[in-house]
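The values are calculated or read from the model by the stated rules, or taken from the named source; none is laboratory data. None of these values were measured; they are calculated from a predicted model. As a convention, Cβ positions derive from the backbone with ideal geometry for all residues, glycine included, and neighbour counts pool all protein chains shown.
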Amino acid sequence: MIYNWNIIGHEKQLKMLERDITSGNLAHAYLLYGPSHVGKYTVAKKLASILQCENNFCGICPTCVQIRKGSHIDTMEFENNHEPIKIGDVRDIISRCNMSSQSRYKIIILQSIARMTPEAANAFLKTLEEPSPNTVFIMTTGFVKDVLPTIASRARIIKFHLFSSEFLTKTLKELYPESDDETIKQVSKLSLGKAGRALDLMSKPDELAYFLKLYKDALYLLETDNIVEKFAYVEELNEDEGKRRDFIGVLTHVLRSKLFEKNALDKKEKFIKMVASVQEAGILIKKNVNSRLVLENLMLI
C-alpha cells in the first residue's frame, strides 16, 4: 500500500483507489457500497485527506486535521443524520462547487446517498453530469439498487464486504494482544462481520453485553415453542426501533451460522427459508409495514 489508510481489511478496494490516484485516472464520482459499519465512510474521509493533503497524507497538517474534524473549507460533508438530503442541500452543494477553490479539489462526501429526495436527486444529477473542474463526489450506500440508477451509472462503483469471524479474530488479537481469547471470540461473533462494530464492542463493554444478550435471546427464541414468550419479546422489540433492527441482524447471523453446523445437513433447506423470512421481515419493517404484525409472523416460522 502507498498510503497508511489505517483501516481493517479492504486491501483490494484501497489498492484500486490508489491506482486511480497515482495513474491520474481519478473519477469525478465514487459510490462506495456495502453493509453498515464496514468502513465505507472512513474510507471516504481518508480518500478526501489523501487528495487534499500536500504532504502525502501526513495526518497532522492543518488540512488533514480539518478534514478529520469536518471543518475543511473545500471538503463538504453530509454525514448520515437519518434526515433526508433535500433540494436546499443540493443547492448548497452546487453553490459551493461553483466557488473558487483554495485547495487541490472540491470534495463532497455524501453518506447514505439514498437519503436524497427525488427532487434533490434530480437536481444533483445535473451537477454530477457536468461537474466543476477538480470536483470529486464520494458517496456511500448500503445497496446500489437504492440509488437513482442515473446517479449510480455516473460513478465509479466500489463494493465493500463483511469479514469472516476468523479474519476478525486474527485482526483483533493483533490489535488487542492483552485481551482475553473469550472476549475476542465473542466480539468476532457478535460484530456480524463488521469491523467497525468489532472495534466498538472491544472498547464498549456495555454494548458488548447488549449484543451478547440479543444473541442469547435469538438462540432461545429459535429453540422454544412458547408462543406467549415469543409474542412478549415482540412487544419489547416493537417499543425500540434500534433494538428491533439489531435483533433482525443478529437473528440472521445466528441462522446463517447454523447452516454450517455439522448436524445441520438435514435442516439446511429449513434454515435457508428462515434466513429469507428474516430478511424479508427486515425489508417490510423498513417500508413501515406494521412491525408488530411482521415480527409476530416471524416468530411463527
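Among the residues of the stretch 58-99, how many are crowded, with 16+ Cβ neighbours inside 10 Å and of a type in the set (D, E)? So the count comes out to 3.
Look through the stretch 35-55, keep the residues that are among the polar types (S, T, N, Q) and in contact (Cβ under 8 Å) with a residue 40 or more places away in the chain, and return whichever of them is surrounded by the fewest Cβ atoms within 10 Å (Cβ to Cβ). Among residues in the stretch 35-55 that are among the polar types (S, T, N, Q) and in contact (Cβ under 8 Å) with a residue 40 or more places away in the chain, the one surrounded by the fewest Cβ atoms within 10 Å (Cβ to Cβ) is S36. The condition of being of a type outside the set (V, I, T) and either touching a Gly at 6+ places or on another chain (Cβ under 6 Å) or surrounded by 14 or more Cβ atoms within 10 Å (Cβ to Cβ) (or both) does not hold for K15. In summary, helices (runs of 4 or more DSSP H) completely within the stretch 201-296 and bearing 1 or more residues that are farther than 24 Å from H37 by Cα occur at 205-223, 227-238, 268-286.
Matching residues to (1) among the hydroxyl-bearing types (S, T, Y); (2) surrounded by 13 or more Cβ atoms within 10 Å (Cβ to Cβ):
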site: R197; (1), (2): no, yes
site: V228; (1), (2): no, no
site: Y233; (1), (2): yes, yes
site: K243; (1), (2): no, yes
site: I285; (1), (2): no, yes
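Among residues of the stretch 100-118 being at negative phi, surrounded by 14 or more Cβ atoms within 10 Å (Cβ to Cβ) and of a type in the set (S, T, Y), the one that is nearest to the chain's Cα centre (by Cα) is T117.
Scanning the stretch 179-195 finds one or more residues that are part of a loop (DSSP other than H, G, I, E, B), farther than 23 Å from G39 by Cβ and at pLDDT 90 or above. Looking across the stretch 129-150 at every residue that is part of a helix (DSSP H, G or I) and touching a helix residue (DSSP H, G or I) at 6+ places or on another chain (Cβ under 6 Å), the one that is farthest from I8 (Cα to Cα) is identified as T150.
So which residues in the stretch 90-121 are acidic (D, E) and within 17 Å of S132 (Cβ to Cβ)? Matches in the stretch 90-121: D92 only.
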